[in-house]
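Taking it in order: structure first as structure tokens, then the write-up.
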Amino acid sequence: MPFSLVATAEWSFCRMDHTIIGAVSVDEPPAPFHHLALPMGLTRPRLGLVVDGRFRRPNFGPDEILAVEAGSSGQVWWDDPFESACFYFSPDAIAGALGWSHGDHDVALHTTSGLHAPILVHLLHALHADAVAGQPHGRMVGDAIFTAIAAQFAASPRALAGPEAGDWRVRRAVDYIHVHLCEKIDLTAIAAAAATSPYHLGRSFRTAMGCTIWRYVLKHRARRAESLMRHGDLSLTDIAYASGFETYSSFVAAIRQEYGVTPMALRRPQTSPVC
């Protein structure tokens, strides 16, 4: 089986292998990670796969990828060399990138052949470009891109408290916040995404979520920062900016609010040797 590794890269939450693999037919055992295959090059081989007993034949039209859910098993084959960039990440990576607590949200990633997802394809190409460029900014740029990728698979929170739990504007605001968590955002932009005014959204959001919009943003930026401390080796300054904080002091304040300690103290037990 001819095999060529074109490029490889690793970020805090995912890994990429860009390969060209000749005609192949293999059995795939269950894997503990999700797998997104982005076709590269100008040609597409005839490809077939059987996943969990179901036959699939993706055509890989424009803006289409193959998504394989963690734990899936089956067979895959193609009849000509196939060039693709494959991205691998654990089920916990999406929650980690978005700063979610375990079990708070559902993840909408299921095995799909020929998944039409233009935004996701654009983001995967951006992540691939960071790898090909040699990750000039370390993991920071790739981690920010993966956060946007994770948001594409993020379902709404499992439960919102209060009588406004079904308010679609609040849900739209939450979705917007998580997609743009690491970017510069303000209340006006969040309200515009929710098709309402900042005043009315603020009241509905507090009732549904039990906190102000900005407190929610800072909470989840702090959780993302804490996750980067556990999964990566970025400096605290890089973690602050990769998590969306505009200043280091606001990063310190948010970590203190969420965890009761400074960022350095929060990280220390995770990096100290075990006796």
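Quick note: the coordinates plus some simple rules give every number you see, no bench work behind them. Bear in mind the structure is a predicted one, so any value in this text is a computation, not a measurement. So basically every Cβ, Gly included, is an ideal-geometry build from the backbone, and we count neighbours across all protein chains shown.
Modelling each spin label as a point 7 Å along the Cα-to-Cβ direction, I'd like the Arg256/Lys184 distance in nm, to one decimal.
Modelled inter-label distance: 2.5 nm.
Please compute the length gained on full extension between Ala108 and His122, using 0.36 nm multiplied by the number of residues separating them and subtracting their Cα-Cα distance.
Details: separation 14, 0.36 × 14 = 5.04 nm, distance 1.88 nm.
Computed gain between Ala108 and His122 is 3.2 nm.
Helix-derived [θ] at 222 nm for the chain: sum -39500 (n - 2.57) over DSSP H runs of at least 4, divide by residue count, nearest 500?
On the way: 10 runs with 114 residues, N = 275.
That comes out to -12500 deg cm²/dmol.
From the square roots a ≥ b ≥ c of the eigenvalues of the alpha-carbon gyration tensor of segment 216-270, which class results: rounded (a/c under 1.5), prolate (a/b over b/c), or oblate?
rounded
In what order do Val76, Val26 fall by count of nearby beta-carbon atoms within 10 Å, going from fewest to most? Can you show the working numbers first?
Values: Val76 19, Val26 11.
Arranged by neighbour count, lowest to highest, Val76, Val26 become Val26, Val76.
Can you report the principal axis dimensions of segment 3-152 using only the alpha carbons, biggest first, rounded to whole angstrom?
40, 35, 25
Name all residues of segment 30-46 having a backbone nitrogen under 18 Å from the label point set 7 Å from the Cα of Arg15 along its Cα→Cβ direction, giving them as ranges.
30-38
Go through 251-259, 81-89 and give me the packing order, highest mean Cβ count within 10 Å leading. All intermediate terms of the calculation are to be shown ahead of the outcome.
Numbers: 251-259: 18.6, 81-89: 21.0.
Listed from highest to lowest mean packing, they are 81-89, 251-259.
Quick one: which residues, 5+ away or cross-chain, put their amide H under 5 Å from the amide H of Gly71? H built at 1.01 Å from N.
HN-HN under 5 Å from Gly71: Ala31, Phe33.
Output the peptides 213-221, 125-133, 37-45 sorted from most to least packed, where packing is the average of other Cβ atoms within 10 Å over each peptide's residues. Walk me through the numbers before you get to the answer.
Numbers: 213-221: 19.7, 125-133: 17.4, 37-45: 15.2.
Averaged packing, sorted descending, gives the order 213-221, 125-133, 37-45.
What length, rounded to one decimal in nm, is gained on full extension from Cys86 through to Lys219, with 0.36 nm per residue of separation minus their alpha-carbon distance? Present the calculation step by step, with values, prior to reporting the outcome.
Working: separation 133, 0.36 × 133 = 47.88 nm, distance 3.19 nm.
Difference between extended and current length: 44.7 nm.
Starting from the amide H of Ala7, placed 1.01 Å from N in the peptide plane, find each other amide H under 5 Å away whose residue is 5 or more places distant or on another chain.
Those qualifying (amide H under 5 Å, at least 5 residues apart or on another chain) are His18.
Read phi for every residue in segment 209-222 and hand back ³J(HN,Hα) as whole Hz from Karplus 6.51 cos²θ - 1.76 cosθ + 1.60, θ = phi - 60°, with x for Gly and Pro.
Karplus-based 3J(HN,Hα) across segment 209-222 equals 9, x, 7, 6, 4, 5, 5, 5, 4, 5, 4, 7, 5, 5 Hz.
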